[in-house]
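Supplied in C-alpha coordinates, the structure appears directly below.
The values are calculated or read from the model by the stated rules, or taken from the named source; none is laboratory data. Here the structure is a predicted model, which is why all the values come from computation and not from measurement. Glycine gets a Cβ as well: all are built from the backbone with ideal geometry, and neighbour counts include every protein chain shown. Accessible surface areas use protein heavy atoms only, side chains included; no ligands, DNA or RNA. Shrake-Rupley method; radii C 1.70, N 1.55, O 1.52, S 1.80 Å.
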Amino acid sequence: MKSPLLSLPGAVPAEGRDEGVAAHYGDLFREQRALADGSGFVDLSHRGVITVTGDDRLSWLHLLLTQHVSELPAGRATEALILTSNGHVEHALYIVDDGTTTWVHVEPGTQGDLLAYLESMKFYYRVEAADRTEDFAVVYLPAGSIAEVPDGVAVRETPQGRDLFLPRADLESYAAAHGPAVGMLGYEALRVEAHRPRLGFETDHRTIPHELGWIGSAVHLQKGCYRGQETVARVQNLGKPPRRLVFLHLDGSEVLLPGHGTPVRLASDGEEGRQLGFITTSARHHELGPIALALIKRNVPLDAELMVGTTAAAQEVVVEP
(Lines give C-alpha, C1' and ligand atoms only; values in the text may rest on other atoms or scores of the structure.)
Protein backbone atom coordinates (compact mmCIF):
# COMPACT_ATOMS: atom_id res chain seq x y z
CA MET A 1 0.00 0.00 0.00
CA LYS A 2 1.31 3.46 -0.92
CA SER A 3 1.47 5.83 2.04
CA PRO A 4 -0.06 9.30 1.72
CA LEU A 5 3.01 10.60 3.57
CA LEU A 6 5.04 10.16 0.39
CA SER A 7 3.56 13.56 -0.52
CA LEU A 8 5.47 15.24 2.35
CA PRO A 9 8.25 17.66 1.28
CA GLY A 10 11.50 15.88 0.42
CA ALA A 11 10.05 12.37 0.57
CA VAL A 12 12.05 9.82 -1.42
CA PRO A 13 10.27 6.47 -1.87
CA ALA A 14 11.83 3.34 -0.42
CA GLU A 15 12.43 0.35 -2.65
CA GLY A 16 12.30 -3.41 -2.27
CA ARG A 17 10.55 -4.82 0.79
CA ASP A 18 9.87 -1.33 2.15
CA GLU A 19 8.23 -0.03 -1.01
CA GLY A 20 5.20 2.12 -0.23
CA VAL A 21 6.75 4.36 2.43
CA ALA A 22 9.61 6.88 2.43
CA ALA A 23 13.28 5.91 2.49
CA HIS A 24 14.04 9.40 3.79
CA TYR A 25 12.74 12.97 3.70
CA GLY A 26 15.86 14.71 2.47
CA ASP A 27 18.26 14.61 5.43
CA LEU A 28 19.18 11.10 6.53
CA PHE A 29 21.42 11.95 9.48
CA ARG A 30 19.12 14.67 10.84
CA GLU A 31 16.30 12.15 10.78
CA GLN A 32 18.40 9.55 12.63
CA ARG A 33 19.37 12.08 15.29
CA ALA A 34 15.72 12.98 15.78
CA LEU A 35 14.86 9.33 16.49
CA ALA A 36 17.87 8.92 18.77
CA ASP A 37 16.76 12.01 20.70
CA GLY A 38 13.23 10.67 21.10
CA SER A 39 11.48 12.97 18.64
CA GLY A 40 9.74 12.38 15.34
CA PHE A 41 7.98 9.26 14.11
CA VAL A 42 8.41 6.59 11.44
CA ASP A 43 5.71 5.72 8.95
CA LEU A 44 5.43 1.91 8.98
CA SER A 45 2.08 1.89 7.25
CA HIS A 46 3.31 -0.67 4.70
CA ARG A 47 3.46 -3.34 7.39
CA GLY A 48 0.70 -5.91 7.63
CA VAL A 49 -1.82 -5.74 10.48
CA ILE A 50 -3.69 -8.79 11.78
CA THR A 51 -6.23 -8.83 14.62
CA VAL A 52 -7.49 -11.82 16.56
CA THR A 53 -10.67 -11.61 18.62
CA GLY A 54 -12.74 -14.11 20.60
CA ASP A 55 -12.65 -15.64 24.06
CA ASP A 56 -10.06 -18.26 23.10
CA ARG A 57 -7.68 -15.95 21.23
CA LEU A 58 -4.71 -16.10 23.65
CA SER A 59 -4.95 -19.81 24.49
CA TRP A 60 -5.28 -20.55 20.75
CA LEU A 61 -2.31 -18.40 19.74
CA HIS A 62 -0.32 -20.00 22.55
CA LEU A 63 -0.60 -23.35 20.73
CA LEU A 64 0.72 -21.93 17.45
CA LEU A 65 3.47 -19.53 18.48
CA THR A 66 6.95 -19.91 19.93
CA GLN A 67 6.11 -17.43 22.70
CA HIS A 68 4.14 -17.97 25.94
CA VAL A 69 1.01 -15.86 25.40
CA SER A 70 -1.80 -17.78 27.10
CA GLU A 71 -1.73 -15.38 30.05
CA LEU A 72 -0.42 -12.29 28.27
CA PRO A 73 -1.55 -9.24 30.31
CA ALA A 74 -3.40 -6.47 28.50
CA GLY A 75 -0.97 -3.85 27.25
CA ARG A 76 2.19 -5.96 27.53
CA ALA A 77 4.14 -6.18 24.27
CA THR A 78 5.78 -9.36 23.10
CA GLU A 79 7.09 -10.93 19.91
CA ALA A 80 6.80 -14.46 18.58
CA LEU A 81 7.65 -16.67 15.65
CA ILE A 82 5.87 -19.27 13.60
CA LEU A 83 8.21 -22.03 12.50
CA THR A 84 8.05 -24.69 9.83
CA SER A 85 7.90 -28.32 10.86
CA ASN A 86 11.71 -28.38 10.51
CA GLY A 87 12.12 -25.43 12.88
CA HIS A 88 12.92 -22.80 10.26
CA VAL A 89 11.56 -19.29 10.78
CA GLU A 90 8.47 -18.63 8.66
CA HIS A 91 6.78 -15.61 10.29
CA ALA A 92 7.76 -13.00 12.88
CA LEU A 93 4.88 -11.43 14.83
CA TYR A 94 4.94 -8.27 16.97
CA ILE A 95 2.06 -8.52 19.42
CA VAL A 96 0.01 -6.69 22.01
CA ASP A 97 -3.39 -7.53 23.49
CA ASP A 98 -5.74 -4.75 24.63
CA GLY A 99 -8.02 -6.94 26.71
CA THR A 100 -10.48 -7.75 23.92
CA THR A 101 -8.34 -7.91 20.76
CA THR A 102 -4.86 -9.20 19.99
CA TRP A 103 -3.07 -6.83 17.62
CA VAL A 104 -0.22 -8.07 15.45
CA HIS A 105 1.99 -6.37 12.91
CA VAL A 106 4.17 -8.29 10.48
CA GLU A 107 6.49 -7.77 7.54
CA PRO A 108 4.96 -6.10 4.46
CA GLY A 109 3.20 -8.59 2.23
CA THR A 110 3.34 -11.53 4.66
CA GLN A 111 -0.06 -10.95 6.26
CA GLY A 112 -1.93 -12.96 3.62
CA ASP A 113 0.07 -16.14 4.16
CA LEU A 114 -0.06 -15.66 7.93
CA LEU A 115 -3.84 -15.24 7.91
CA ALA A 116 -4.24 -18.32 5.72
CA TYR A 117 -2.23 -20.36 8.22
CA LEU A 118 -4.22 -19.02 11.16
CA GLU A 119 -7.50 -19.80 9.43
CA SER A 120 -6.35 -23.36 8.75
CA MET A 121 -5.72 -23.88 12.48
CA LYS A 122 -8.99 -22.53 13.93
CA PHE A 123 -10.74 -25.88 14.41
CA TYR A 124 -13.30 -25.51 17.22
CA TYR A 125 -11.71 -22.51 18.95
CA ARG A 126 -13.78 -19.36 19.51
CA VAL A 127 -11.56 -17.00 17.54
CA GLU A 128 -11.74 -14.70 14.55
CA ALA A 129 -8.61 -13.60 12.72
CA ALA A 130 -8.74 -10.72 10.24
CA ASP A 131 -6.44 -8.78 7.94
CA ARG A 132 -6.85 -5.15 9.00
CA THR A 133 -4.02 -3.68 6.91
CA GLU A 134 -6.40 -1.54 4.85
CA ASP A 135 -7.90 -0.04 8.02
CA PHE A 136 -4.88 0.48 10.28
CA ALA A 137 -1.39 1.89 9.80
CA VAL A 138 1.55 1.16 12.08
CA VAL A 139 3.39 4.27 13.31
CA TYR A 140 6.60 4.05 15.35
CA LEU A 141 7.43 6.53 18.13
CA PRO A 142 11.00 6.27 19.50
CA ALA A 143 11.86 5.69 23.15
CA GLY A 144 11.57 8.97 25.01
CA SER A 145 8.93 10.41 22.71
CA ILE A 146 6.36 12.63 24.41
CA ALA A 147 3.98 12.51 21.45
CA GLU A 148 0.38 11.95 22.47
CA VAL A 149 -1.42 8.74 21.59
CA PRO A 150 -5.03 9.26 20.48
CA ASP A 151 -7.72 7.71 22.66
CA GLY A 152 -8.70 4.20 21.66
CA VAL A 153 -5.52 3.46 19.70
CA ALA A 154 -3.82 0.15 20.46
CA VAL A 155 -0.20 0.68 21.55
CA ARG A 156 2.65 -1.81 21.65
CA GLU A 157 5.28 -0.37 23.99
CA THR A 158 8.83 -1.78 24.23
CA PRO A 159 12.17 -0.44 25.48
CA GLN A 160 12.87 0.66 21.89
CA GLY A 161 9.70 2.74 21.56
CA ARG A 162 6.00 2.47 20.82
CA ASP A 163 4.15 0.96 17.87
CA LEU A 164 0.77 2.59 17.30
CA PHE A 165 -2.02 0.83 15.41
CA LEU A 166 -3.45 4.07 14.05
CA PRO A 167 -6.60 4.25 11.93
CA ARG A 168 -5.27 4.68 8.42
CA ALA A 169 -7.63 7.60 7.79
CA ASP A 170 -5.88 9.52 10.61
CA LEU A 171 -2.32 9.01 9.35
CA GLU A 172 -1.90 12.39 7.61
CA SER A 173 -3.35 14.43 10.45
CA TYR A 174 -1.24 12.58 13.02
CA ALA A 175 1.90 13.20 10.96
CA ALA A 176 1.15 16.90 10.70
CA ALA A 177 0.91 17.17 14.49
CA HIS A 178 3.80 14.92 15.54
CA GLY A 179 6.69 15.43 13.09
CA PRO A 180 9.37 15.40 12.01
CA ALA A 181 8.86 12.36 9.79
CA VAL A 182 11.77 9.91 9.66
CA GLY A 183 12.28 7.53 6.76
CA MET A 184 13.10 3.84 6.71
CA LEU A 185 16.83 4.40 6.20
CA GLY A 186 17.05 6.16 9.56
CA TYR A 187 14.87 3.55 11.25
CA GLU A 188 16.93 0.71 9.79
CA ALA A 189 20.24 2.29 10.82
CA LEU A 190 19.11 2.33 14.45
CA ARG A 191 17.77 -1.23 14.13
CA VAL A 192 21.16 -2.43 12.90
CA GLU A 193 22.90 -0.55 15.72
CA ALA A 194 20.62 -2.32 18.21
CA HIS A 195 21.34 -5.74 16.62
CA ARG A 196 17.62 -6.44 16.07
CA PRO A 197 16.95 -9.06 13.37
CA ARG A 198 14.24 -8.64 10.77
CA LEU A 199 12.39 -11.34 8.86
CA GLY A 200 13.42 -11.45 5.21
CA PHE A 201 16.60 -9.50 5.89
CA GLU A 202 18.43 -11.53 8.53
CA THR A 203 16.51 -14.70 7.66
CA ASP A 204 16.54 -17.08 4.74
CA HIS A 205 14.80 -20.41 4.05
CA ARG A 206 16.96 -22.29 6.59
CA THR A 207 17.21 -19.82 9.48
CA ILE A 208 16.54 -21.20 12.95
CA PRO A 209 15.82 -18.89 15.92
CA HIS A 210 19.11 -19.56 17.74
CA GLU A 211 21.14 -18.05 14.90
CA LEU A 212 19.63 -14.59 15.36
CA GLY A 213 19.34 -14.34 19.13
CA TRP A 214 15.57 -14.83 19.14
CA ILE A 215 15.71 -17.32 22.03
CA GLY A 216 14.09 -15.56 24.97
CA SER A 217 12.80 -12.50 23.18
CA ALA A 218 10.61 -14.43 20.70
CA VAL A 219 11.01 -18.09 21.75
CA HIS A 220 9.97 -19.30 25.21
CA LEU A 221 11.83 -22.47 26.10
CA GLN A 222 9.43 -23.64 28.81
CA LYS A 223 6.11 -23.43 26.98
CA GLY A 224 4.13 -26.30 25.51
CA CYS A 225 4.30 -27.86 22.10
CA TYR A 226 4.30 -25.90 18.84
CA ARG A 227 5.32 -26.67 15.29
CA GLY A 228 9.10 -26.83 14.99
CA GLN A 229 9.68 -27.14 18.74
CA GLU A 230 11.73 -30.32 18.32
CA THR A 231 14.44 -28.46 16.41
CA VAL A 232 14.51 -25.65 18.96
CA ALA A 233 14.85 -28.08 21.87
CA ARG A 234 17.47 -30.21 20.13
CA VAL A 235 19.72 -27.26 19.31
CA GLN A 236 19.22 -25.74 22.75
CA ASN A 237 20.02 -28.94 24.64
CA LEU A 238 22.37 -30.90 22.42
CA GLY A 239 24.16 -28.66 19.98
CA LYS A 240 24.91 -25.28 18.49
CA PRO A 241 23.36 -23.44 15.52
CA PRO A 242 25.39 -23.63 12.29
CA ARG A 243 25.48 -19.85 11.89
CA ARG A 244 25.47 -16.75 14.07
CA LEU A 245 24.43 -13.14 13.65
CA VAL A 246 27.28 -10.63 13.87
CA PHE A 247 27.52 -6.84 13.90
CA LEU A 248 30.13 -5.29 11.59
CA HIS A 249 31.91 -1.96 11.55
CA LEU A 250 32.76 -1.31 7.90
CA ASP A 251 35.69 0.63 6.49
CA GLY A 252 34.33 4.15 5.99
CA SER A 253 36.49 4.90 2.95
CA GLU A 254 34.15 2.96 0.66
CA VAL A 255 31.50 5.03 -1.11
CA LEU A 256 28.90 2.30 -1.59
CA LEU A 257 27.35 0.14 1.09
CA PRO A 258 27.43 -3.64 0.51
CA GLY A 259 24.06 -4.98 -0.54
CA HIS A 260 22.11 -7.85 0.95
CA GLY A 261 23.88 -11.11 0.15
CA THR A 262 27.37 -9.63 -0.31
CA PRO A 263 29.87 -12.38 0.67
CA VAL A 264 31.82 -12.19 3.93
CA ARG A 265 35.33 -13.72 3.92
CA LEU A 266 38.45 -13.73 6.05
CA ALA A 267 40.51 -10.65 5.25
CA SER A 268 43.64 -12.82 5.13
CA ASP A 269 42.13 -14.97 2.35
CA GLY A 270 41.38 -12.05 0.04
CA GLU A 271 38.57 -11.73 -2.51
CA GLU A 272 38.98 -15.30 -3.71
CA GLY A 273 38.78 -16.81 -0.24
CA ARG A 274 36.09 -19.16 1.00
CA GLN A 275 32.78 -17.48 1.73
CA LEU A 276 31.95 -17.58 5.44
CA GLY A 277 28.63 -15.79 5.35
CA PHE A 278 26.80 -12.85 3.86
CA ILE A 279 25.56 -9.35 4.62
CA THR A 280 21.94 -9.19 5.73
CA THR A 281 21.49 -5.43 6.26
CA SER A 282 23.87 -2.49 5.88
CA ALA A 283 23.34 1.14 6.86
CA ARG A 284 24.99 4.52 7.34
CA HIS A 285 24.79 5.54 10.98
CA HIS A 286 24.94 9.17 12.08
CA GLU A 287 27.67 8.40 14.66
CA LEU A 288 29.15 4.99 13.82
CA GLY A 289 29.47 5.45 10.07
CA PRO A 290 28.88 2.43 7.81
CA ILE A 291 27.65 -0.60 9.76
CA ALA A 292 26.05 -3.92 8.94
CA LEU A 293 24.56 -7.12 10.24
CA ALA A 294 25.78 -10.39 8.75
CA LEU A 295 25.11 -14.08 9.14
CA ILE A 296 28.34 -16.06 9.31
CA LYS A 297 29.47 -19.58 10.16
CA ARG A 298 29.44 -20.23 13.89
CA ASN A 299 33.09 -21.31 14.06
CA VAL A 300 34.54 -18.09 12.62
CA PRO A 301 36.98 -16.85 15.31
CA LEU A 302 35.71 -13.88 17.31
CA ASP A 303 38.92 -11.95 16.67
CA ALA A 304 39.06 -12.70 12.94
CA GLU A 305 39.42 -9.72 10.64
CA LEU A 306 36.79 -9.98 7.95
CA MET A 307 36.25 -8.60 4.48
CA VAL A 308 32.90 -7.75 2.88
CA GLY A 309 33.41 -7.72 -0.87
CA THR A 310 36.50 -5.51 -0.96
CA THR A 311 35.70 -3.66 2.29
CA ALA A 312 37.44 -4.36 5.59
CA ALA A 313 35.11 -5.20 8.47
CA ALA A 314 35.56 -5.58 12.24
CA GLN A 315 33.08 -7.81 14.03
CA GLU A 316 31.19 -7.51 17.31
CA VAL A 317 29.48 -10.52 18.83
CA VAL A 318 25.68 -10.61 18.73
CA VAL A 319 25.12 -14.35 19.09
CA GLU A 320 27.72 -16.31 21.03
CA PRO A 321 29.40 -19.09 19.03
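Can you pull the percent of the stretch 65-160's accessible area that's carbon plus sulfur, 1.4 Å probe, other chains left in place?
Ligands and nucleic acids excluded, carbon and sulfur reach 47 percent.
Another question, then. With a 1.4 Å probe and every protein chain left in place, tell me how much accessible area M307 has, in Å² to the nearest 10.
Its heavy atoms expose roughly 30 Å² to the probe.
Roll a 1.4 Å probe over the protein chains and send me the accessible area per residue for the stretch 1-51 in Å².
Here the per-residue accessible area is 44 Å².
Report D for the stretch 110-222 in µm² per second (integer): Stokes-Einstein, Kirkwood Rh on Cα pairs, 37 °C, 0.692 mPa s.
Calculated translational D: 193 µm²/s.
Next up: Keeping all protein chains in place and using 1.4 angstrom, which order do H286, H205 fall into by accessible surface area, from largest down?
Working: H286 40, H205 150 Å².
The ordering from most to least exposed comes out as H205, H286.
Please work out the ratio of the alpha-carbon Rg of the stretch 39-80 to 2.2 N^0.38 Å and round it to two decimals.
1.45
Can you sort S45, S85, S268, S282 by solvent-accessible area, 1.4 Å probe, largest first?
Descending accessible area places them as S268, S85, S282, S45.
Once all Cα-Cα distances of the stretch 102-145 are split into 10 Å bins that start at 0, what whole-number percent is in each one?
21, 47, 23, 9, 1
Counting Lys +1, Arg +1, Asp -1, Glu -1, what net charge surrounds R265 among other residues with beta carbon under 12 Å of its beta carbon?
-2
Please report, largest first and rounded to whole Å, the three semi-axes of the ellipsoid equivalent to the chain, where each semi-axis is the square root of five times an eigenvalue of the C-alpha gyration tensor.
After diagonalising the Cα gyration tensor, the semi-axes are 32, 28, 15 Å.
Residues of the stretch 172-254: accessible area per residue at 1.4 Å, in Å²?
Each residue of the stretch 172-254 exposes 42 Å² on average to a 1.4 Å probe.
If exposed means no more than 10 neighbouring beta carbons inside 10 Å and the site is in a DSSP loop, what's the longest run of the chain without any exposed chymotrypsin sites (Phe, Trp or Tyr not before Pro)?
That would be 125-321.
So, one more: In whole angstrom, how far apart do the alpha carbon centroids of the stretch 207-221 and the stretch 188-204 sit?
The stretch 207-221 and the stretch 188-204 have Cα centres separated by 14 Å.
Along the three principal axes, how long is the stretch 201-321 when you take its alpha carbons, biggest first, rounded to the nearest angstrom?
That gives 50, 31, 24 Å along the principal axes, largest extent first.
Counting only helical runs of four or more DSSP H residues, what would the 222 nm mean residue ellipticity of the chain come to if each run contributes -39,500 (n - 2.57) and the total is spread over all its residues?
-4500 deg cm²/dmol
How large, in Å, is the stretch 177-250 by the Kirkwood hydrodynamic radius built from its alpha-carbon pairs?
14.6
Now for a separate question. Per the Debye formula with a single identical scatterer at each Cα and no solvent contribution, what log10 I(q)/I(0) holds for the stretch 1-111 at q = 0.18 Å⁻¹?
The calculated log intensity ratios at q = 0.18 Å⁻¹ are -0.97.
Quantify, in whole percent, the carbon and sulfur part of the accessible surface of the stretch 220-274 (1.4 Å probe; protein heavy atoms only).
51
Could you provide, to the nearest whole Å², the per residue accessible area of the stretch 89-162 with probe 1.4 Å?
Value returned for the stretch 89-162: 48 Å² of accessible area per residue.
Within the stretch 195-267, report the GluC sites (Glu not before Pro) that DSSP leaves as loop and that have at most 14 other Cβ atoms within 10 Å. Walk me through the numbers on the way to the answer.
Working: sites: E202, E211, E230, E254; in loops: E202, E254.
Within the stretch 195-267, the qualifying GluC sites (Glu not before Pro) (loop, at most 14 other Cβ atoms within 10 Å) are E254.
While we're here: Rank R33, R234, R17 by mean-square fluctuation in a GNM of the chain with C-alpha springs under 10 angstrom and give only the top-ranked residue.
Per the Cα network of the chain with a 10 Å cutoff, R234 tops the list.
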